[in-house]
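Okay, structure first, notes after.
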Amino acid sequence: MSQTPDDAVRTYIEQHSTAFLDDLAEWLRIPSVSAQPVHAPDVRRSADWLAAKLLETGFPTVEVWPTPGAPAVFAHWPSDDPEAPTVLVYGHHDVQPAAREDGWDSEPFEPVVRDGRLYARGAADDKGQVFFHTLGVRAHLATTGRTAPAVGLKLLIEGEEESGSPHFRALVEERADRLAADAVIVSDTGMWAEDTPTVCTGMRGLAECEIRLHGPDQDIHSGSFGGAVPNPATAVARLVAALHDEHARVAIPGFYDGVVELTDRERELFAELPFDEARWLRTARSHAAHGEAGHTTLERVWARPTAEVNGIGGGYQGPGSKTIIPSSAMVKLSFRLVAGQDPDHIEKAVRAWAAEQVPAGIRSEITFSGATRPCLTPLDHPALRSVVRAMGRAFEGPVRFTREGGSGPAADLQDVLGAPVLFLGISVPSDGWHAPNEKVELDLLLKGVETTAYLWGDLAAHWRHEP
Ligand SMILES: [Zn+2]
């Protein structure tokens with residue numbers, strides 16, 4: 001039997017996997033914890049380490065970009081094909097804090113392999129998933145005889161993701177010219193399960209606010225004044241009660257304006273996933289599922305917008321009783337947004353709605369913070385089709401679709417660069433992100449390498465640059 005192109009890729013990866021894993025282990029030994037100031041030099045060392053490795057991989061341009069916080073690493077390898085698209089890979093080189101005494105079975109920054117799994121802080125989130133791109137592009141070149149990748153390849157690996165990416169948006173805006181790309185591939189997510197490879201097609205956005213209602217100028221006696229003046233705690237409770245209708249739909253007028261509804265095909269694809277609601281509820285630590293009528297649990301967390309009360313308070317909360325009408329009360333709300341929703345429009349809708357609800361004599365103060373736009377790539381987008389084909393070749397089976405209910409800095413790349421965002425991850429739920437004993441499955445890590453070895457050629461073949 002003659003060797004297929006896929007055999008050649010697999011052989012190449014096999015021949016280089018030991019050196020690849022040794023290099024990754026070296027990187028994982030650097031405790032690049034962005035949240036802890038004592039590790040700031042390590043985060044810088046991690047950026048320098050990656051920059052050196054990317055140069056060694058062959059990227060002609062590699063730069064460490066400083067920010068007011070931790071540095072990011074940028075690399076660019078242009079294609080020799082002027083009509084090929086350019087892809088920007090996003091990931092991060094900082095990690096969550098970790099200490100042996102948190103419950104690790106081995107030192108978090110001393111990588112070990114047990115039962116085909118590599119254990120270390122950052123193994124899956126996100127150093128492993130950044131690093132597979134290095135061997136992937138080399139396998140792509142070696143097995144196609146090319147000297148430059150089939151697509152223009154850029155990498156932006158930030159150093160503050162685990163600290164909320166405080167300087168990321170500004171960095172992307174400042175360097176937008178250098179980062180210009182036709183698509184963004186986020187390498188910082190996972191798939192459904194070991195035996196169910198999936199591609200994530202979108203992330204929800206986020207808008208957050210605090211509503212503070214002010215009544216009397218100070219706490220007043222509930223006997224002398226109660227029943228004759230408005231109570232701000234009651235007003236907050238009414239506001240919260242008015243947030244949803246009896247079908248658990250958000251009752252704020254205009255909230256659903258523009259929402260991109262799921263297509264029948266998307267609903268079918270979600271339903272095909274091996275979803276076990278009882279198991280999901282155990283993970284959720286919840287005793288029941290509840291949400292918008294007419295939608296399944298997966299649809300609710302992936303594709304429907306929400307309004308949640310994150311905190312509520314007001315008045316006396318100490319021991320015993322205190323017969324007052326409190327001077328003020330508050331609620332913190334967050335809204336997960338889906339494609340088609342605009343955080344600015346949501347803010348206006350919430351303000352108008354709250355103004356309607358609040359009775360005379362109560363003054364409201366609403367502060368919005370932390371808006372993130374949603375992102376969604378249509379199933380028929382050529383770049384998404386390439387990711388699915390490449391992953392299908394690597395995993396030798398069908399690839400399904402998921403979405404992400406959370407929100408992330410990838411949306412900034414979509415906003416500023418005006419490019420669709422795709423998610424390519426090989427991590428699985430058992431990898432223990434942010435938890436003790438974080439690990440990555442070695443066979444899946446190498447499937448990640450293999451996926452990218454196919455991806456760049458597939459993209460260039462199916463998606464030509466519009467001049
Ligand atoms: Zn991450």
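The values are calculated or read from the model by the stated rules, or taken from the named source; none is laboratory data. Note that the coordinates shown come from a computational prediction; the quantities given were computed from them, not determined experimentally. Ideal geometry is used to build each Cβ from the backbone, glycine not excepted, and the neighbour counts take in all protein chains shown. The accessibility values were calculated without ligands, DNA or RNA, using every heavy atom of the protein model including side chains. Shrake-Rupley method; radii C 1.70, N 1.55, O 1.52, S 1.80 Å.
For beta carbons closer than 6 Å, sequence separation of 6+ or different chains, a first residue in the stretch 169-190 that is among the hydroxyl-bearing types (S, T, Y) and a second that is not in a helix (DSSP H, G or I), the qualifying pairs are S187/V89; S187/G91; S187/L424; T189/C200; T189/F423; T189/G425.
Exactly one residue out of G291, G314 is farther than 19 Å from T201 by Cα and touching a strand residue (DSSP E or B) at 6+ places or on another chain (Cβ under 7 Å): that is G314.
One line per residue, one yes/no per condition, for (1) surrounded by fewer than 19 Cβ atoms within 10 Å (Cβ to Cβ); (2) within 22 Å of the chain's Cα centre (by Cα):
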| site | (1), (2) |
| --- | --- |
| D6 | yes, no |
| Y12 | no, no |
| L28 | no, yes |
| A35 | yes, yes |
| L50 | no, yes |
| G69 | no, yes |
| D80 | yes, no |
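Across the stretch 396-413, the qualifying residues are those that are open to solvent by 40 Å² or more (accessible area, probe 1.4 Å) and outside any loop (DSSP other than H, G, I, E, B), and the one among them that is modelled with the highest pLDDT is R400. Can you work out which of the residues in the stretch 162-177 that are part of a helix (DSSP H, G or I) and surrounded by fewer than 16 Cβ atoms within 10 Å (Cβ to Cβ) is nearest to the ligand (Cβ to nearest atom)? Within the stretch 162-177, the match that is nearest to the ligand (Cβ to nearest atom) is A170.
Each row is one residue, and each column tells you yes or no for (1) away from the ligand (no atom under 16 Å from the Cβ); (2) closer than 30 Å to A228 by Cα; (3) in a helix (DSSP H, G or I).
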{"site": "A352", "(1), (2), (3)": "yes, yes, yes"}
{"site": "G370", "(1), (2), (3)": "yes, no, no"}
{"site": "L384", "(1), (2), (3)": "yes, no, yes"}
{"site": "A394", "(1), (2), (3)": "yes, no, yes"}
{"site": "P436", "(1), (2), (3)": "yes, no, no"}
{"site": "D443", "(1), (2), (3)": "yes, no, yes"}
{"site": "K447", "(1), (2), (3)": "yes, no, yes"}
{"site": "A460", "(1), (2), (3)": "yes, no, yes"}
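All told, G318 falls short of being on the phi > 0 side of the Ramachandran plot and at pLDDT 95 or above. Only one entry in R363, R389 is touching a residue at least 40 places away in the same chain (Cβ under 8 Å) and within 30 Å of V9 (Cα to Cα), namely R389.
Answer with yes or no whether A228 is out of contact with any helix residue (DSSP H, G or I) (no Cβ under 7 Å at 6 or more places or on another chain), at positive phi and assigned to a loop (DSSP other than H, G, I, E, B). In short, no.
Just name the residue that is most open to solvent (accessible area, probe 1.4 Å) out of those in the stretch 372-382 that are over 29 Å from K332 (Cα atoms) and part of a loop (DSSP other than H, G, I, E, B).
Only one residue fits best here, namely D380.
Taken together, H221, H244 contain a single residue that is buried (at least 16 other Cβ atoms within 10 Å of the Cβ) and away from the ligand (no atom under 16 Å from the Cβ), which is H244. Residues in the stretch 178-189 that are open to solvent by 30 Å² or more (accessible area, probe 1.4 Å) and within 16 Å of the ligand (Cβ to nearest atom): 0 in all.
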